[in-house]
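A.B. asks: There's a structure below that I have some questions on.
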Amino acid sequence: MIAVIIIVGLLAGSYPALYLSTFSPIQALKGKLRLGKGGTLFRHTLVVFQFSISILLIIGTLIISKQMKYVKELGLGYDDQQTVVIPIDNEELYNNLRTFKNELSASSDITSVSFMSGEPGGFFDNHTFEVEGKNGEKWKSRTEFTDFDYVSTLKLKIIAGRNFSIQHSTDSTRAVLVNRTAASMLGFTPEQAIGKWIKNTIRDQSPRTIIGVIDDFNFLSLKENMDALVVAPSDDLRVALIRLNTKDFPEALKTIRTAFGKVAPLYPFEYSFLDQKFDMLYKTDLRQQRILSLFSGLAIFIACLGLYGLASFTAAKRNKEIGIRKVLGASVSGVTTLLSRDFIKPVLIALIIASPIAWLTMNKWLEDFAYRIEIQWWMFVLAGLVTIGIALITVSWQAIRTAIANPVNSLRDE
């Protein structure tokens, strides 16, 4: 930090120090410092550079905000509200899952409970399968090991066939569900997939029958394309999902904590909410959004300081010209417009420079998402209008003050 302060101080102070040191002492003492075009060009270049960065950050912030809003509001295909997630990470809880579930099911605050190998947004194993009609060809798919309440707890939609049921005693070992994408990858319509056999080459001794097809839901991050999923009853359970039937979360959590304490009293009660998974999955992107918003504000502030300095410099340089214009009948609004108009040019140049860079950069960032917004022209127009508005507000005070000044003062001989 000390090094940064020293280096930035030297860089910021070296130009004015070197520039002022070239002045003739006699001319400086007479107040006749030359305001040449070279200095003006350099000042305009700095303002263009500053506003280019500002516009780039504004466009970036806007696109990231729109993308994260789109992802958050995108239909996930399952209900993530009022659902508590508890890791099954100790032997006491694992060995007493049935007791734990019965305790929770007895409460009116609990709608349903399901145990599974991974919650949406969590971990899903890849397994190899043999499938009917594929002549022994191996097929890979994501898998979910769960109990019979998986579909009802996540409120998934079955589009063909049926759900797991205790009325069918063989469902525990001889049945699976697949999602729409899995059926399509296997070359079946949802209806055609019902009744076909499928065998996990590692876990199953005998084939299982596809009894139902569930509609696609985003069980992976929205940065990934929809993938095939096979859901099978199993004892490979790593997480519990508990759907609540109340808005009184503290009371419901108290019920869950009590049930947990009965089956695993020596272990800490840890939980999260399923809808919090969004923030965890996109933690980096949300942090980028906050950082860009902060730096956009800082960049605009710095650019406005430069623009205000340029406005003051220009007003001083054109002092006599403005005085003559006013003597010849120019109005205050006309002079203000004349001065303000000149400062729109560097902002427009900055917009032209920053727009293609922003488009390329944000297109690259959006490539990480399988579900993404399209970058639209109005985003660049909005960024430009915001920047122009800020620029006009910045220079308006200096322009108005110069326009209403008494021309006698500016035309009086030195």
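The values are calculated or read from the model by the stated rules, or taken from the named source; none is laboratory data. The structure presented is a predicted model; accordingly, all values stated were derived computationally and were not measured. Note that each Cβ is placed from the backbone with ideal geometry, even for glycine, and that neighbours are counted across all protein chains shown. Ligands, DNA and RNA are stripped out before the accessible areas are found, and what is left, the full protein with its side chains, is counted by its heavy atoms. Shrake-Rupley method; radii C 1.70, N 1.55, O 1.52, S 1.80 Å.
A.B. asks: Want the number for residue 201 to residue 69: 0.36 nm per residue separation, take away the alpha-carbon distance, what's left?
C.D. replies: Taking 0.36 nm per residue and subtracting the Cα distance, the gain is 43.4 nm.
A.B. asks: Tally Lys/Arg at +1 and Asp/Glu at -1 over every other residue whose Cβ is under 12 Å from the Cβ of residue 87; what's the total?
C.D. replies: Details: positive: 238; negative: 89, 119, 270.
Once all neighbours under 12 Å are counted, the net charge is -2.
A.B. asks: Restricting to the chain, what percent of DSSP beta bridges are antiparallel, rounded to 5?
C.D. replies: Counting DSSP beta bridges with both partners in the chain, the antiparallel share is about 75 percent.
A.B. asks: For a quick protection proxy, order the peptides 135-144, 398-407, 209-218 by their average other-Cβ count within 10 Å, most packed first.
C.D. replies: Put in order of decreasing packing, that is 209-218, 398-407, 135-144.
A.B. asks: Continuing with this model, one more query. Only Lys, Arg, Asp and Glu count, each charged at its Cβ (+1, +1, -1, -1), so figure out the dipole size of the range 294-414 about its Cα centre, rounded to 20 debye.
C.D. replies: Dipole size: approximately 460 debye.
A.B. asks: Give me the accessible area of residue 341, 1.4 Å probe, in Å² rounded to the nearest 10.
C.D. replies: Probe radius 1.4 Å; accessible area of residue 341 about 140 Å².
A.B. asks: Return the calculated 222 nm mean residue ellipticity for the chain, to the nearest 500 deg cm²/dmol, obtained by summing -39500 (n - 2.57) across DSSP H runs with n ≥ 4 and dividing by the residue count.
C.D. replies: It comes out at -17500 deg cm²/dmol, rounded to the nearest 500.
A.B. asks: Relative to the longest principal axis of the chain, what angle (0 to 90°, nearest 10) does the C-alpha long axis of helix 377-403 take?
C.D. replies: 30 degrees
A.B. asks: What is the angle, in °, between the Cα long axis of helix 283-317 and the longest principal axis of the Cα atoms in the chain? Nearest 10 is fine, range 0 to 90.
C.D. replies: 10 degrees
A.B. asks: Same structure, new question: For a label point 7 Å from the Cα of residue 49 along Cα→C-beta, name the residues of the range 316-358 whose backbone N is under 19 Å from it.
C.D. replies: Only 345-355, 357-358 pass the distance filter.
A.B. asks: Right, something else. Grab the range 31-185 and count how many Lys pairs have their alpha-carbon atoms under 29 Å apart, sequence gap of 8 or more, or different chains.
C.D. replies: 12
A.B. asks: Something else: Quick one: net charge of residue 315's neighbours, Cβ under 12 Å, K/R +1, D/E -1?
C.D. replies: Its environment carries a net charge of +2.
A.B. asks: How far is helix 2-21 tilted off the main Cα axis of the chain, in degrees rounded to 10, range 0 to 90?
C.D. replies: 20 degrees
A.B. asks: Roughly what would the spin-label model give for residue 3 and residue 367, points 7 Å off Cα along C-beta, in nm?
C.D. replies: Between residue 3 and residue 367, the simple spin-label model gives 3.3 nm.
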